[in-house]
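In what follows, a single structure is set out as C-alpha cells and then discussed.
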Amino acid sequence: MSYNKVLVGLMLIFLVLFSAVPVMAQEAGAQELKNTYTDSEVGFSISYPEGWVEGELEGALAWFYDEESSSELIVMMEEIPEGFTAKQYAEEVGNWLKENLPDYAEDSIVEYTLAGSPGMLRVYSFTFKGQNVSIPVKTIEAYTVKDNYGIAVLCDTLSESFQDMEATFRKIIESFKFLE
C-alpha cells in the first residue's frame with residue numbers, strides 16, 4: 001500500500017514540526033478556509049486556513065501544515081482492487097494503522113459522505129515515537145473510492161489540541177471536491 005510511504009514520511013515530519021513547536025490555543029469554532037488547492041490533473045480541490053504552508057510529502061497528492069497549531073492536512077490516493085467499496089478500503093487502512101502505529105486507538109468509524117460519494121470517517125490516536133521523543137497525535141480521516149482508487153483525506157494534530165482543531169478539520173474535509 002502506498003499508505004505506508006506517506007505515513008513513513010509523516011513520521012519524519014512529526015519530528016520536525018511537533019517536537020520544537022509550542023502548542024498554541026486555537027479560537028473556539030472552525031477557522032475560516034481562505035485558500036483552495038486544486039489538482040486539475042488528478043481532479044480534486046480542497047480548502048484550508050490562511051497561514052497553512054504547502055509542502056512535499058512522498059506519496060501524498062497534497063500536504064499542508066500549520067506550525068502554529070502543529071496541525072496538518074494530507075490527501076492521498078492509491079490504487080485498490082476493482083470493486084472495492086469505501087468501507088472495504090477503510091477496513092484495509094484500519095488494519096494497516098493497527099499494525100504500524102504505536103498505541104493505535106480507534107475512537108470511532110462511521111459512514112460518511114465525502115465529495116458526494118459514499119465513504120467512511122475515522123477518528124483515532126496514536127503515539128509517534130522517534131529518537132528521544134514520544135508525541136501523542138490525534139487524527140480525523142475520511143475515505144471514499146473513485147474508479148479503482150482509494151482516496152483518504154486526513155487532518156491531525158497533537159492529541160491535546162485536537163478538540164480545539166476538530167471543527168476546522170471537519171470543515172477542511174467537507175471542502176474536498178472532485179472536479180467535473
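When S134 is tested against (1) in contact with a Lys or Arg (Cβ under 8 Å, 6 or more places away or on another chain); (2) among the hydroxyl-bearing types (S, T, Y); (3) surrounded by fewer than 16 Cβ atoms within 10 Å (Cβ to Cβ), just one condition goes unmet, and that condition is (1).
Being of a type outside the set (A, V, I, L, M, F, W, C) and at pLDDT below 95 is true for just one of G119, G150, G130. Which residue is that? Walk me through how you get there before you give the answer.
Values: G119 fails: at pLDDT below 95; G150 fails: at pLDDT below 95.
Step by step, each of G119, G150, G130 is checked, and only G130 is of a type outside the set (A, V, I, L, M, F, W, C) and at pLDDT below 95.
I need the full set of residues from region 101-122 which are at negative phi and of a type in the set (A, V, I, L, M), in order please. Within region 101-122, L101, A105, I109, V110, L114, M120, L121 qualify. Only one of the numbered conditions (1) out of contact with any Gly (no Cβ under 6 Å at 6 or more places or on another chain); (2) surrounded by 18 or more Cβ atoms within 10 Å (Cβ to Cβ); (3) closer than 17 Å to I74 by Cβ is not met by Y143, and that is (1). A single member of S2, S69 is crowded, with 20+ Cβ neighbours inside 10 Å and modelled with pLDDT under 95, and it is S69.
Here are some residues: V16, V42, V23. Which one is part of a helix (DSSP H, G or I) and either of a type in the set (V, I, T) or modelled with pLDDT under 90 (or both)?
Working: V42 fails: part of a helix (DSSP H, G or I); V23 fails: part of a helix (DSSP H, G or I).
Only one candidate passes the filter, namely V16.
Taking the conditions (1) in contact (Cβ under 8 Å) with a residue 40 or more places away in the chain; (2) under 23 Å from N100 (Cβ atoms); (3) among the hydrophobic types (A, V, I, L, M, F, W, C) in turn, V110 satisfies each one other than (1).
For every residue, the table says whether it meets (1) among the β-branched types (V, I, T); (2) outside any strand (DSSP E or B); (3) in contact (Cβ under 8 Å) with a residue 12 or more places away in the chain; (4) under 27 Å from A30 (Cβ atoms).
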site: E68; (1), (2), (3), (4): no, yes, yes, yes
site: L73; (1), (2), (3), (4): no, no, yes, yes
site: Q88; (1), (2), (3), (4): no, yes, no, no
site: E92; (1), (2), (3), (4): no, yes, yes, no
site: Y124; (1), (2), (3), (4): no, no, yes, yes
site: S134; (1), (2), (3), (4): no, no, no, no
site: E166; (1), (2), (3), (4): no, yes, yes, yes
site: R170; (1), (2), (3), (4): no, yes, yes, yes
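All conditions in (1) surrounded by 16 or more Cβ atoms within 10 Å (Cβ to Cβ); (2) modelled with pLDDT under 95; (3) under 15 Å from the mean Cα position of the chain (by Cα); (4) under 23 Å from S175 (Cα atoms) hold for E56, with the sole exception of (1). Screening E106 with (1) part of a strand (DSSP E or B); (2) modelled with pLDDT under 95; (3) surrounded by fewer than 15 Cβ atoms within 10 Å (Cβ to Cβ) gives one miss only, at (2). For region 136-164, residues that are in a strand (DSSP E or B), charged (D, E, K, R) and closer than 19 Å to Y104 by Cα total 3.
A Cβ distance below 7 Å, combined with a sequence gap of six or more or placement on separate chains, defines the contacts here; from region 38-51, residues that are under 13 Å from Y149 (Cβ atoms) reach residues that are basic (K, R) in the pairs F44/K177.
The values are calculated or read from the model by the stated rules, or taken from the named source; none is laboratory data. What you are looking at is a predicted structure, and each value in this text was computed from that prediction instead of being measured. Quick reminder, even Gly has a Cβ in these numbers, built from the backbone with ideal geometry, and neighbours come from all protein chains shown.
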